[in-house]
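Worksheet: one structure, shown below.
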Amino acid sequence: ENIKNSSSQNFFDDNDKSFEKSKTRINVNSNSNSLIFSVRQWDNTDLTINCIESILDSAENQQTSVLLFDDCSKDIYELVRLFSHFCDDERVFFFRSQSRLEFVESYNLCADISTYKGFDFMYYVNNDTHSFSKGIDVKTIELFDDPKLGIVGHKVFNKDGCIRHNKIKVKSGISIPVPTEGYAIRLSYFKFLGGFNQHLTRYREDLDLVN
């Protein structure tokens, strides 16, 4: 699917005259208590393939899916190669923006797409992340059994085995408990809070999470 801009009203191409008609193609609320991984990429085909294959290999729930969000890659050959690699896998949804978006803007859009696809939780990961623990999807959903929980993160290890960003201090007295390389959100909470604040300085979405 092509995304013409950052508005959730424009998921589909010009042949779709009405967003209301288009929503029937999305099968809203078809995946009760389910998780989708969101992977944003541009012109990093090999990294992205490695990341998505690692997610799919680690997943134990057959409903666990991946939203592959291409943020206006310039290399069309590589884009076709990426699409072709996963086009036969029904667990992978492919969306492409026709203009480059800021991280917060694209993240909010991925959350909108995931909500309309009927998922309860979205797990955002950087496309250079790989080697996920087996069953990370099931373990994540189990943690969300606590209704007070709005966000779940994973530990990220460097090549030397050390934990990266162990309790990042974002300001005096406050630390973020999950790394910004990857975390899952309860989409209903995220939507209720209005998503990420697009007026924050770039790469300060971690402050938004803390607040």
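The values are calculated or read from the model by the stated rules, or taken from the named source; none is laboratory data. On a predicted model such as this, the values are computed, not experimentally measured, just so you know. Quick reminder, even Gly has a Cβ in these numbers, built from the backbone with ideal geometry, and neighbours come from all protein chains shown. Ligands, DNA and RNA are stripped out before the accessible areas are found, and what is left, the full protein with its side chains, is counted by its heavy atoms. Shrake-Rupley method; radii C 1.70, N 1.55, O 1.52, S 1.80 Å.
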Checklist entry - Considering only segment 84-93, how many residues are closer than 23 Å to residue 118 by Cβ and surrounded by fewer than 16 Cβ atoms within 10 Å (Cβ to Cβ)? => result 4
Checklist entry - When segment 127-159 is examined, which residues are found to be of a type outside the set (Phe, Trp, Tyr), out of contact with any helix residue (DSSP H, G or I) (no Cβ under 8 Å at 6 or more places or on another chain) and open to solvent by less than 50 Å² (accessible area, probe 1.4 Å)? => result 138, 140, 141, 153, 156
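For (1) open to solvent by 10 Å² or more (accessible area, probe 1.4 Å); (2) at pLDDT 90 or above; (3) not β-branched (Val, Ile, Thr), each residue gets a yes or a no:
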| position | (1), (2), (3) |
| --- | --- |
| 8 | yes, no, yes |
| 12 | yes, no, yes |
| 25 | yes, no, yes |
| 29 | yes, no, yes |
| 49 | yes, yes, no |
| 54 | yes, yes, yes |
| 57 | yes, yes, yes |
| 75 | yes, yes, yes |
Checklist entry - Where in segment 58-149 are the strands (runs of 3 or more DSSP E), entirely inside, with at least 2 residues that are under 15 Å from residue 185 (Cα atoms)? => result 65-70, 121-126
